[in-house]
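Have a look at the structure below before the remarks.
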Amino acid sequence: MAAPSKFAHVVYQTHRFEEMIEWYQRIFEATVRHRDDKLAFLSYDDEHHRIAFLNLGPAESGAAPKKAPGVGVHHVAYTWKDLGELVDTYKRLKTYGVLPAVPIRHGLTLSLYYQDPDGNMMEFQIDLMGMEEADRFMRGPAFAANPVGEPFDPEQLAARYDEGKPVDDLVFRSDQPESKGHAIVRPDGANRHGPPAVAAGGPRKSSSA
């Protein structure tokens, strides 16, 4: 069977139609491609739409319910190009009062988990390994012992990165030898979009297989 060529979009049903549109516009710096009283289509790149909303109208009980825990989608993940972009995104969202609910260094990714107004979770991440290395890591003993990862402090990460100090110990898990290194620093003179210190999917010798 042929695999899909790409992941296209996500559609959310919501009682918070206006609030959700405003939140996603701000968080993703998205453009509204179409909007009426029932539907809205947003995009943050050259795709016709990446996120859509179906307006369920006011909740019968008054207060709009949030996503209930349990069965269903846990989160949707988005990948940034490099650590600089992820740090910039964290700082930009912080100015809106939006902070990650859960920051985790998974080993193969560094991830910030956010919740939208309905309680839907999304992961903002960078890849720390190429595909083959990530596959070896996930089949290795470190991942078997801890498949989730470890928490980290994104505020400390952003501060040290902006100061040009190494952040290897915040990017990698404590069971990864790379966490003891001093290789990951902000490129000199680059506040954003400079040569990546950790590029998405960048090649790196595996030490966790």
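See the values below:
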read-out: Local net charge near residue 154, Cβ-Cβ under 10 Å (Lys/Arg +1, Asp/Glu -1); value: 0
read-out: The chain: Lys pairs at Cα distance under 22 angstrom, eight or more positions apart or on different chains; value: 11
read-out: Note, ³J(HN,Hα) from phi for the range 153-167, Karplus 6.51, -1.76, 1.60, rounded to Hz, x at Gly and Pro; value: 9, x, 5, 5, 4, 5, 5, 5, 5, 5, 7, x, 8, x, 10
read-out: Nearest 10 degrees, 0 to 90: helix 17-28 Cα axis against the chain principal axis; value: 30 degrees
read-out: Nitroxide proxy distance, nm - points 7 Å out along Cα→Cβ at residue 8 and residue 37; value: 2.8 nm
read-out: Amide H contacts of residue 78 (H built 1.01 Å from N, under 5 Å, at least 5 apart or other chain); value: 123, 124, 125
read-out: Packing-based exposure ordering (other Cβ within 10 Å, fewest first) of 17, 28; value: 28, 17
read-out: Burial order of peptide ranges 158-166, 54-62 (average beta-carbon count within 10 Å, highest first); value: 158-166, 54-62
read-out: Dipole magnitude of the chain, debye to nearest 20 (Cβ charges: Lys/Arg +1, Asp/Glu -1, about Cα centre); value: 200 debye
read-out: Packing-based order for 126-135, 141-150, 1-10, 68-77, using average beta carbon neighbours within 10 Å, highest first; value: 126-135, 141-150, 68-77, 1-10
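Read the figures in this text as sums done on the coordinates, not as results from a lab. Just so you know, these numbers come straight off a predicted model, no measurement behind them. Neighbour counts are summed over all protein chains in view; Cβ atoms, including those assigned to glycine, are modelled from backbone coordinates with ideal geometry.
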